[in-house]
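Inspection log for the structure reproduced underneath, given as structure tokens.
The values are calculated or read from the model by the stated rules, or taken from the named source; none is laboratory data. As the structure is a prediction and not an experimental result, all values here were calculated from the model. We place every Cβ from the backbone using ideal geometry, glycine too, and count neighbours over all the protein chains shown. The accessibility values were calculated without ligands, DNA or RNA, using every heavy atom of the protein model including side chains. Shrake-Rupley method; radii C 1.70, N 1.55, O 1.52, S 1.80 Å.
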Amino acid sequence: MLARLDRWYRADVPAERLAVLRILVVGYALGFLVVRAPHLVDVARLADVAPDRWAPVGPLLALDAPPSAGLVGVVLVASIAAGVAALVGWRWRWSGPLFAIGFLVVTSHRSSWGQIFHTENLVALHLIVLAVAPAAVALSVDARRRPGPAPATTSGWPVRLAAVVVVVAYVLAGVAKLRIGGPDWLIGDGLRHHVAHDNLRKALVGDVWSPLGGWAVAQAWWFGPMAVGSVAVELGAPLALLGGRWRTVWVAAAWTFHVGVVALMAIVFPYQLLGIAFAPFLPLERLPRWWRTRRGRRTEPTSVSGASGSPDRVPAWRDPPSGS
């Protein structure tokens, strides 16, 4: 069994699959830092006005006092610069690890002021996996500068590991629900109280809350099935590693789960809702092939019409036939 697991873990995948995964994950993380930069800078200023609120987490645990706002700003700018280089695959051996470390430090700093955010944890873990992987062997500046043709395949362990990280994250969430909520969670009381408390707190402090969640709390009967369904999705995450229909069904169920979280509590997990969290399970190499096929169809002259009078076409989602 261990030998079979090892063969599955190390089996080759198309080099473009790993490259597309790099572009998606790094692109999302870079966009997060750029969009949230004003907020991150404001948080850093708490070091001057409320240093007593400092409660370090993650890699910042060793710091007894918060870093200065200037130092945080420097780390943020350096992280964004490294992210741009990592996105295009320029000097990936350095830009990939630097960006992964910078993103981890910046997001950990944000969570070190009394409220721990977990929406970026999976992104940080995926960046770390990619940082130690040959994620720039294709679709990158490094690949263009490398003499000779780019490899057609590469070891699939980074893609497999990224998928396993997703599975472990969901399983841990399911276990936490059962440990903390107990039987009340499965009968729906825990979930119902959680939805009610979250929306009421947001309404009282003037934050965005879900009117649908407020209405749903009065419908107690459906929280039981929703609670069981949420735990089933999380504890059933290992099924996605089987591939095929199991993977497709689980990914669809997990994505729908996050849509429900937005609808009932106005809590957004953009990494999951955009589908990037589930990208390691998917045949990502089809995206660049589809794009090249579309570009080829735009640049090539119109083909001769067949007997039916319509031009011969190659479906954009398929590889063109050999020799075409």
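Taking amide H positions as placed 1.01 Å from N in the peptide plane, with prolines and chain starts having none, which residues 5 or more places from T154, or on another chain, fall under 5 Å of its amide H?
V13, A15
With θ set to phi - 60° and the Karplus curve 6.51 cos²θ - 1.76 cosθ + 1.60, what are the ³J(HN,Hα) couplings of region 89-101 in order, to the nearest whole Hz, using x for Gly and Pro?
For region 89-101, the Karplus curve yields x, 9, 6, 4, 4, 9, 5, x, x, 4, 5, 4, 5 Hz.
What nm value, rounded to one decimal, do you get for the distance between A263 and R145 when each label is placed 7 Å out toward the C-beta?
The answer from the label model is 4.9 nm.
With a Förster radius of 30 Å, plug the Cβ-Cβ distance of F117 and V84 into 1/(1 + (r/R0)^6) and report the FRET value to the nearest 0.05.
It comes to 0.80.
For D64 and W94 in one chain, what is 0.36 nm times their gap in residues minus the Cα-Cα distance, to one decimal in nm?
Length difference between fully extended and current span is 7.9 nm.
Measure off, as a whole percent, the carbon and sulfur share of the 1.4 Å-probe accessible area of the chain, all protein chains present. Mind showing how you got there, number by number?
Values: 12090 of 18190 Å².
Of all accessible area on the chain, carbon and sulfur atoms account for 66 percent.
Run the helix sum for the chain: -39,500 (n - 2.57) per DSSP H stretch of 4+ residues, divided by residue count, reported at 222 nm to the nearest 500 deg cm²/dmol. Provide the component values of the computation, followed by the final result.
Numbers: 16 runs with 202 residues, N = 324.
Here the helix-only value at 222 nm equals -19500 deg cm²/dmol.
Springs between alpha-carbon atoms under 10 Å, Gaussian network over the chain: tell me which of T256, T293, T107 tops the mean-square fluctuations.
Fluctuation is largest for T293.
Could you state the accessible area per residue of the chain in Å², with a 1.4 Å probe and every protein chain left in place?
Values: 18190 Å² over 324 residues.
Spelled out: the 1.4 Å probe surface of the chain, per residue, equals 56 Å².
Label points 7 Å out from Cα along the Cβ direction at R179 and L239: separation in nm?
The answer from the label model is 2.4 nm.
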